[in-house]
């Protein structure tokens, strides 16, 4: 018997940590705390420290270099496409952050020496419903042809999770409507990390308001909240 009275529940645990509960094994993107061994963990590259928290987890879906990924696990299909993350901020901004948080800055620098590649992930459930996690793939420097390919390949999904990289609202406004998704969830994957580094942050509410005005079926997926679909 199905122990769930819902089709899917998503919980935002802070940082880039998202939990997907559904019939079958629990899925977890980018854990911010040590993951449970029975979880299926998917690393998107949004949090450079998540790979440290999957020790002892048997099922970790992640990039392999710069190659695309296709794999099946427990009847669920995972398809990953690497992307170029948003451009780094100015040297002055980085130096200012390092001055405020020198120990954390050193740790982040070490993590960036061999980070997990940033990935767009599409998850296809046994029912045929699809969930796409864009991460921070849509930003001001995104290649136009690459973005068009992502829209063609992954458009029309039931659920779309969109990370909102700081300062790149216009690119999201331009590209997300073309994804033609039933439920669009705009979420903050980086403010906790940026705040710890002394960098500026921004609310996603104005972006969501503008997407809603454009006719996108959108909602805010805020940290420390959950969304349930029947």
**Message:** Just the residues that are crowded, with 19+ Cβ neighbours inside 10 Å and at pLDDT below 95, please, taken from the stretch 22-31.
**Reply:** 22
**Message:** Suppose we keep only residues that are more than 13 Å from residue 121 (Cα to Cα) and out of contact with any helix residue (DSSP H, G or I) (no Cβ under 9 Å at 6 or more places or on another chain) within the stretch 158-170. Which one would you say is surrounded by the fewest Cβ atoms within 10 Å (Cβ to Cβ)?
**Reply:** 170
**Item:** The lone exception for residue 181 - which of (1) under 25 Å from residue 49 (Cβ atoms); (2) surrounded by 20 or more Cβ atoms within 10 Å (Cβ to Cβ) it fails
**Value:** (1)
**Message:** Just to be sure before I move on: is residue 155 modelled with pLDDT of 95 or more and either farther than 17 Å from residue 70 by Cα or surrounded by 15 or more Cβ atoms within 10 Å (Cβ to Cβ) (or both) in the structure I sent?
**Reply:** yes
**Fill in**
Log entry, pairs with first residue in the stretch 197-225 being modelled with pLDDT under 95, second being assigned to a helix (DSSP H, G or I), beta carbons closer than 6 Å, six or more apart or on different chains, reads 197/97; 198/97; 198/100; 199/97; 201/191; 201/194; 201/195
**Message:** touching a strand residue (DSSP E or B) at 6+ places or on another chain (Cβ under 7 Å), on the phi < 0 side of the Ramachandran plot, in contact (Cβ under 8 Å) with a residue 40 or more places away in the chain and assigned to a helix (DSSP H, G or I): is that true of residue 123 in this structure?
**Reply:** no
**Request:** Please give the number of the condition residue 47 fails out of (1) modelled with pLDDT under 90; (2) surrounded by 20 or more Cβ atoms within 10 Å (Cβ to Cβ); (3) part of a loop (DSSP other than H, G, I, E, B).
**Result:** (1)
**Residue check, residue 142 touching a helix residue (DSSP H, G or I) at 6+ places or on another chain (Cβ under 9 Å) and exposed (fewer than 15 other Cβ atoms within 10 Å of the Cβ)** = no
**Message:** Out of the helices (runs of 4 or more DSSP H) lying entirely within the stretch 140-230, which hold 3 or more residues that are more than 22 Å from residue 31 (Cβ to Cβ)?
**Reply:** 144-154, 169-175, 205-213
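The values are calculated or read from the model by the stated rules, or taken from the named source; none is laboratory data. This one's a predicted model, so the numbers in the text were calculated from it and none came from an experiment. A quick note on method: Cβ atoms are made from the backbone with ideal geometry, for glycine too, and the neighbour counts reach across all protein chains shown.
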